[in-house]
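Beneath this line is the structure, given in structure tokens, with notes to follow.
The values are calculated or read from the model by the stated rules, or taken from the named source; none is laboratory data. Keep in mind that this is a model prediction, so the values were computed, not measured. All Cβ positions, even for glycine, are placed from backbone atoms using ideal geometry, and neighbour counts span all protein chains on display.
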Amino acid sequence: MSEERYITKEEKSLFEEITGKQFTRRSFLKWSTALAGAAVASGLLWDDKLGFFKEASAQEKMAGKGKWVYTTCQMCGGGTGIKVHVVDGMVVKIEPNEYNPIGVANISMDYSRVKTLGGRMCAKGNSGTRALYDPDRLKKPMKRIGPKGSGRWKAISWEEALDDVAKNLLRIRNTYGPESLFWCTEDSSFTDMQSDFNLLYGSPNFSMHSNTCDVARKASFKLVMGDDRPLADFANTKYALVFGWNLLAATKWAHLPGIWNLGRAKGAKMVYVDPFFNQTAAKADEWVPIRPGTDGAFALALGHEIVKNKWYEDEFIKNYSVGFDKYAELVKDKTPEWAEKITSVPAKTTRRIAKELASTKPAAVDVWSGPGHHTNATDGGRAIAMLPALLGQYDKPGTMISRQAMGGKRRALNVNKPKALRVDGLGTKYPFAHVSGIYTETRDAMLSGNPYQLRAGVFMFQNFVMSVPNTKKNIEALKKLEYMVVLDTMMSETAELADIVIPGSHYLERWEVNVNWVTFPATAIRQPAVKSVINGMTEQEFILALAQKMGLKDKDGKTLPAAYPDYISDQLKNGPIGKTLDEVLALPGAVFIGGETHYEKYKEKGFATPTKKIEFYSEQMAKKGLNPLPDYVEPVYKPTPEFPLYLINYKQAEHTHSRTFDNDWLMEMKPDNPLLMNSATAARFGLKDGDAVWIESPYARAKGTIQVTERIHPEVVALHHGYGHWGFGKIARGALNKVNQWCPAGTNDGQFLAGVSEKTSGMAVHKEIGVKVTKA
Amino acid sequence: MGWYFNENNCIACRACEAGCKQEFDLPVGVRRRRVVIKEEGKYPNVKARYLSGACNHCEEPSCLKACPVEAISKEPEFGVVLIDQDKCIGCKRCAAACPYGAPTFDEKKQKMDKCTFCIHRLKAGLPPACVRTCMGYALWNGKLSDIETQKTPEEIFRRPLTDALPGFADPKLTIPSVRFSENK
């Protein structure tokens, strides 16, 4: 379905009457919805009854007034550099900060050149003020007075809230032991201090958002080449082969569209592999539709061709890798014909792409959360990460490059290691899991009490119910917690189940250090542009006050510092940057740049694997009983005769995770998430565009609407992630949607999933289930 | 002053739309700039076309002629077409007359509303808010003569230029101040 409309007869005749000119074409595109049916009906205006939204005020009235504050965005975790225009204590405009490479480029040379065009930022960053001044923001701490989920709360003072949390967390620790606390957080937010809090409390169960993001990718690259997040140099590549990463729109970093377009403009060929034709497919030279979760088989077939034809880089493999012979043996029978049956990618396409990839250098081969959210993600990701290894395409211009970072250094606390193991199997059941933990295992432990019962939970800016696969289990599990604290800017499906809800801060109200995800050292400061709009404490202030109130100390009597800026200043001074917070703030754009991009670092230091080489064969995996070679494993939750379609989720530039859905500007752009279905599939099931349907998996049945498209594999249906809220603000609940009355808030994709994690990395499996779709 | 839209670089991220909303604190329903997505072809040979559009500040604006109360004018310095909301009676004739549907209706004010090319920013030597934030470097503004002689940052922008993209109204109708490069 296209979002277009053509001129009406009335418009045509009015035009001709006014101008005396004749249309030379039969019809043409009109982009306004002023007269025709609007996707979002106009007329729903900003609700100011809560009284802290500013008067509409165009920038022309503000010119020359107020001040500009250089800081970083956090509408997503990307940390784009921004500058904020503040007039009379109110934010009136957010613009890109060209000093910060996140909105410019990820290679130092490109950064120096392109920053003269100004940094860039996305629709979410431009809508930041709507989150800051959202009238649905929590303003006071709230204590639950009815049963869990009853929605009955009473407002309490900040002091009462501190007392309540301190008293209960101490009681839980004294009664059940420190390990009975589960603490989770968004991971680009003051995790340093939260980690220290957990160390002082004594709980091992500190988890972070990454587990629901890209930890399978991390494990894949780390196991193959030792770096858990190499960065693709799209600007200088000649050939990009990207698996399942809508980098142009699920914008992890604001420089990605610019560097991709720069590469294309310089003549690179871009090939994109995904079941869904998203923006990245649209701006690639070739789209390769593939069955979900089969990318590893495709990569092995490419490897087969490269090995069979001896297209690999012999010298590089000899000097910098181990296990090539075993890999060659593995891919011997992984022919393009073998892969075609699994992936649906024609064998001749595979042969051609293998040849192009091997003969066009430099090449960047990357993979993210498409294949990364499946039960076979780490193995598939390793097969992909081995392709650039075969061709020597690591750490050179135009390839996958390892980042050099300079951040702060935390002073170690003198505490005993917690006696209990983590509840989620990090490092044990999941030997190559990321430090962020395994959410589904934690959730299952809440339900089963194995290996022990979690009693308290602290949820920092984490909508656990909507973000972890299998919504129903999440709700049941959280109900088992004896004491649950939620810190967030808004009510949410998770906050509904809490005992106490603490209002959180917006990123324009607090401090942070952002170590940037670019290839050269760049570290930016997030600083408050305005005072707390709700006149509240930031989470940082709350936790520090809490630690003080609870009397948490290490063995030397050291506790958390009195103020967060002092804490980060000490870390910056103590680390490789060697400057205080004030000194970094005084740098242009409040960004520290510590050097240029360096290449072929492996020639001096080797790769950061146990053998210091690229590992086609992983001895460390063999030791843990895992397959040391990246053999193809079928996904576990495939479609069945009863649930015949693959359901995947996807993301676009208008939204982040499950948390931007109360933002009116973003919701105006994309108010709901119809289920995308190929026209052939729709015809097979007797469905048409706009139909109200029921979507059903073995785990849930829920309302949806159909959008018929050519942009998806016929065996696959897709939902945009993050919609379907019922406990969030009124806009997230569908208040702006005047068109879709069947499910105005859209459909929550997480409810249909089994709720498991990938066996090696512990990655939450977000994209693997069969569903059936029936007309409502 | 005119727009340059390079379809090769547009990723339909809608940063331009939000940048515009932010610059003017526009309420829901008032969308001065819009990204249109058009799907073409049959699976698997499918294409998506993205077009970011706003008022094209035409040389011969049909909206200006359509306005019964002379609320619309063409400003002399930059050639920006502006609606004077004090005069506007909200009859919507301009929206109907515009080949691009650029004027939108503000329900709260009961007035027409439209892109001003960020004239307040142009006067200060700044690019319009949409151009300033464009993630893909798809949108640019400048003198039409500069655009035509490719005086735009190298590499970011590609030739060849065209007067219209498929589906775009015949430029002869209103002589819009915009040039394009079509997605390859």
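Would you point out the residue of the stretch B:26-59, among those that are out of contact with any strand residue (DSSP E or B) (no Cβ under 8 Å at 6 or more places or on another chain) and within 8 Å of chain A (Cβ to nearest Cβ), that is farthest from B:W140 (Cα to Cα)? Break it down stepwise before answering.
Of all residues in the stretch B:26-59, those out of contact with any strand residue (DSSP E or B) (no Cβ under 8 Å at 6 or more places or on another chain) come to B:28, B:42, B:45, B:59.
Subsequent filtering for residues that are within 8 Å of chain A (Cβ to nearest Cβ) retains B:28, B:42.
Numbers: B:V28: 25, B:K42: 32 Å.
Top of the filtered list is B:K42.
Can you name every residue in the stretch B:43-77 that is part of a strand (DSSP E or B) and over 17 Å from the mean Cα position of the chain (by Cα)?
Initial filter on the stretch B:43-77 (part of a strand (DSSP E or B)): B:45-53, B:72-74.
Correct list: B:N45, B:V46, B:K47, B:A48.
Kindly indicate whether A:I593 is out of contact with any helix residue (DSSP H, G or I) (no Cβ under 7 Å at 6 or more places or on another chain), at pLDDT 95 or above, over 30 Å from A:N174 (Cα atoms) and hydrophobic (A, V, I, L, M, F, W, C).
Values: out of contact with any helix residue (DSSP H, G or I) (no Cβ under 7 Å at 6 or more places or on another chain): yes; at pLDDT 95 or above: yes; over 30 Å from A:N174 (Cα atoms): yes; hydrophobic (A, V, I, L, M, F, W, C): yes.
So A:I593 passes the test.
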### Query
Does the stretch A:114-141 hold any residues that are surrounded by fewer than 22 Cβ atoms within 10 Å (Cβ to Cβ) and out of contact with any Asp or Glu (no Cβ under 9 Å at 6 or more places or on another chain), and which are they?
A:Y133, A:K139, A:K140
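Within the stretch A:290-379, which helices (runs of 4 or more DSSP H) (wholly inside it) include 1 or more residues that are of a type in the set (F, W, Y)? Walk me through how you get there before you give the answer.
Working: elements: A:295-308, A:314-320, A:324-331, A:336-343, A:347-359, A:369-372.
Once the helices (runs of 4 or more DSSP H) in the stretch A:290-379 are filtered for at least 1 residues that are of a type in the set (F, W, Y), what remains is A:295-308, A:314-320, A:324-331, A:336-343.
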### Task
Determine whether A:V86 is modelled with pLDDT of 50 or more and facing another protein chain (nearest Cβ under 10 Å).
no
### Query
Is it true that some residue in the stretch A:693-701 is more than 30 Å from B:R32 (Cβ to Cβ), without any contact (Cβ under 8 Å) to a residue 12 or more places away in the chain and surrounded by fewer than 24 Cβ atoms within 10 Å (Cβ to Cβ)?
yes
### Task
Report yes if A:M677 is closer than 30 Å to A:E476 by Cβ, within 14 Å of chain B (Cβ to nearest Cβ) and not in a loop (DSSP other than H, G, I, E, B), otherwise no.
no
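Using the structure shown, decide if A:M669 is closer than 23 Å to A:S467 by Cα and at pLDDT below 95. Spell out how you get there, then give the answer.
Values: closer than 23 Å to A:S467 by Cα: yes; at pLDDT below 95: yes.
Answer is yes for this residue.
Here's the yes/no breakdown for (1) in contact with an Asp or Glu (Cβ under 8 Å, 6 or more places away or on another chain); (2) crowded, with 24+ Cβ neighbours inside 10 Å; (3) among the basic types (K, R):
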| position | (1), (2), (3) |
| --- | --- |
| A:Y439 | yes, yes, no |
| A:Q453 | no, no, no |
| A:K480 | no, no, yes |
| A:E512 | no, no, no |
| A:P528 | yes, no, no |
### Query
How about the stretch A:628-666: which of its residues are touching a Ser or Thr at 6+ places or on another chain (Cβ under 8 Å), within 14 Å of another protein chain (Cβ to nearest Cβ) and in a loop (DSSP other than H, G, I, E, B)?
A:A653, A:E654, A:T660, A:N663
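I'd like the residue in the stretch A:709-722 that is out of contact with any His (no Cβ under 8 Å at 6 or more places or on another chain) and more than 10 Å from every other protein chain (Cβ to nearest Cβ) and, out of all such residues, is surrounded by the fewest Cβ atoms within 10 Å (Cβ to Cβ). Before you say what the answer is, go through the steps one by one.
Within the stretch A:709-722, the subset out of contact with any His (no Cβ under 8 Å at 6 or more places or on another chain) is A:709-719.
Restricting the remaining residues to those that are more than 10 Å from every other protein chain (Cβ to nearest Cβ) gives A:715-719.
On the way: A:E715: 17, A:V716: 23, A:V717: 27, A:A718: 27, A:L719: 24.
Residue satisfying both the conditions and the ranking: A:E715.
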### Message
Looking for something over 22 Å from the mean Cα position of the chain (by Cα), surrounded by fewer than 24 Cβ atoms within 10 Å (Cβ to Cβ), within 14 Å of chain B (Cβ to nearest Cβ) and in a loop (DSSP other than H, G, I, E, B) - is there at least one such residue anywhere in the stretch A:241-260?
### Response
no
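Name the one entry in B:K87, B:K109, B:K123, B:K114 that is within 13 Å of chain A (Cβ to nearest Cβ), surrounded by fewer than 21 Cβ atoms within 10 Å (Cβ to Cβ) and closer than 30 Å to A:E10 by Cβ. Quick ask: steps written out before the conclusion?
On the way: B:K87 fails: within 13 Å of chain A (Cβ to nearest Cβ); B:K123 fails: closer than 30 Å to A:E10 by Cβ; B:K114 fails: surrounded by fewer than 21 Cβ atoms within 10 Å (Cβ to Cβ).
Just one listed residue meets the conditions, B:K109.
Condition test on A:V271, is it within 14 Å of another protein chain (Cβ to nearest Cβ), in contact with a strand residue (DSSP E or B) (Cβ under 8 Å, 6 or more places away or on another chain) and either in contact (Cβ under 8 Å) with a residue 60 or more places away in the chain or of a type outside the set (V, I, T) (or both)?
Values: within 14 Å of another protein chain (Cβ to nearest Cβ): yes; in contact with a strand residue (DSSP E or B) (Cβ under 8 Å, 6 or more places away or on another chain): yes; either in contact (Cβ under 8 Å) with a residue 60 or more places away in the chain or of a type outside the set (V, I, T) (or both): yes.
Criteria met by A:V271.
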### Query
If we scan the stretch B:12-24, do we find a residue that is within 30 Å of A:V288 (Cα to Cα), at pLDDT 95 or above and more than 7 Å from chain A (Cβ to nearest Cβ)?
yes
### Query
Does A:V84 fit the bill of being of a type in the set (V, I, T), surrounded by 22 or more Cβ atoms within 10 Å (Cβ to Cβ) and touching a Leu at 6+ places or on another chain (Cβ under 7 Å)?
yes
### Query
Give me the pairs: first residue in the stretch A:412-427 and of a type in the set (D, E), second residue in a loop (DSSP other than H, G, I, E, B), beta-carbon distance under 7 Å, and six or more apart or on different chains, which are they?
A:D424/A:G437; A:D424/A:I438
### Query
Take the residues of the stretch A:558-590 that are at pLDDT 95 or above and among the small types (G, A, S): which is surrounded by the fewest Cβ atoms within 10 Å (Cβ to Cβ)?
A:A586
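Name the residue, out of A:L736, A:L687, that is touching a residue at least 24 places away in the same chain (Cβ under 8 Å), hydrophobic (A, V, I, L, M, F, W, C) and more than 14 Å from chain B (Cβ to nearest Cβ).
Values: A:L736 fails: more than 14 Å from chain B (Cβ to nearest Cβ).
From the options A:L736, A:L687, the qualifying one is A:L687.
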